[in-house]
1. I'd like to verify a number: residues in the stretch 8-24 that are in contact with a Lys or Arg (Cβ under 8 Å, 6 or more places away or on another chain) and closer than 21 Å to Pro103 by Cβ, how many?
2. Just the residues that are in contact with a helix residue (DSSP H, G or I) (Cβ under 6 Å, 6 or more places away or on another chain) and either closer than 17 Å to Ala24 by Cβ or in contact (Cβ under 8 Å) with a residue 60 or more places away in the chain (or both), please, taken from the stretch 35-80.
3. Please specify each residue of the stretch 22-44 satisfying the condition of being polar (S, T, N, Q) and either touching a His at 6+ places or on another chain (Cβ under 6 Å) or farther than 12 Å from Ala5 by Cα (or both).
4. Quick check on my filter: what residues within the stretch 1-51 are open to solvent by 80 Å² or more (accessible area, probe 1.4 Å), hydrophobic (A, V, I, L, M, F, W, C) and part of a loop (DSSP other than H, G, I, E, B)?
5. Looking at the stretch 52-75, which of the residues that are among the hydroxyl-bearing types (Ser, Thr, Tyr) and more than 20 Å from Gln15 (Cα to Cα) is surrounded by the fewest Cβ atoms within 10 Å (Cβ to Cβ)?
Amino acid sequence: MFDLAVGDFDGDGLQDVFLGTGVAWYFSSGGQAEWRFLNRMPEHASQLLFGDFDADGRTDVLALHGSSMEVSWAGLSPWQTINTTTFPLSDMAIGDFNDDGRPTCSSPPARSGGTRRAARTGRHSHS
C-alpha cells in the first residue's frame, strides 16, 4: 500500500506527490515526474504533517517523536526539535490560523480556553 501526501518540495510553485516508504522519502515533481530521493527517514506520510513553516517556498515535514515536535526542512534536513507537546499528531492541524499567510501547527484548546499554537518556526539553515 502506498502512503502519499502533497506539498511543494522543489519550490516551483506546483504541488508535488510525497511518498514515505518506511525506509526513505521521495517526491514526484508535479506528480508527473520520476520519483526523486529526499531523505532516508522511516516515517510514512500518514505519520507526518506538512507545511511551509519557514516561508521559503518548499514544504517542510513535521513529526512527533515522543513529546518532541520535530521538523525536517523541505524534507531534506535531519530532524530539528522545535517544540514539545502532550497532544498526539492526530489532534494537530496545520493552517493559517492568524491570517498572516504562514502555516502554524495548532492543537486543541488548552483547559484554560483558547487555541494552543504549538509551532511557529524561525530561521534555519539547510545542509
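The values are calculated or read from the model by the stated rules, or taken from the named source; none is laboratory data. Note that this is a predicted model, so its numbers are computed, not measured. Please note: Cβ atoms are built from the backbone with ideal geometry, for glycine as well, and neighbour counts cover all protein chains shown. We work out accessible area using only protein heavy atoms, side chains counted, and drop any ligands, DNA or RNA first. Shrake-Rupley method; radii C 1.70, N 1.55, O 1.52, S 1.80 Å.
1. Step one: filter the stretch 8-24 for residues in contact with a Lys or Arg (Cβ under 8 Å, 6 or more places away or on another chain), giving 8-11, 23-24.
Then keep just the ones that are closer than 21 Å to Pro103 by Cβ; that gives 8-11.
The qualifying residues number 4.
2. Start the filter on the stretch 35-80 by keeping residues that are in contact with a helix residue (DSSP H, G or I) (Cβ under 6 Å, 6 or more places away or on another chain), which leaves 38-39, 58, 60-61, 64.
Leu38, Asn39, Asp60, Val61, listed by residue number.
3. Taking the stretch 22-44 and keeping what is polar (S, T, N, Q), we get 28-29, 32, 39.
Listed by number, the residues that qualify are Ser29, Gln32, Asn39.
4. Hits for the stretch 1-51 are Met1, Phe2, Leu14, Val23.
5. Initially, the stretch 52-75 is screened for residues among the hydroxyl-bearing types (Ser, Thr, Tyr), giving 59, 67-68, 72.
With the extra rule that they be more than 20 Å from Gln15 (Cα to Cα), the set shrinks to 67-68.
Working: Ser67: 11, Ser68: 14.
Selected residue: Ser67.
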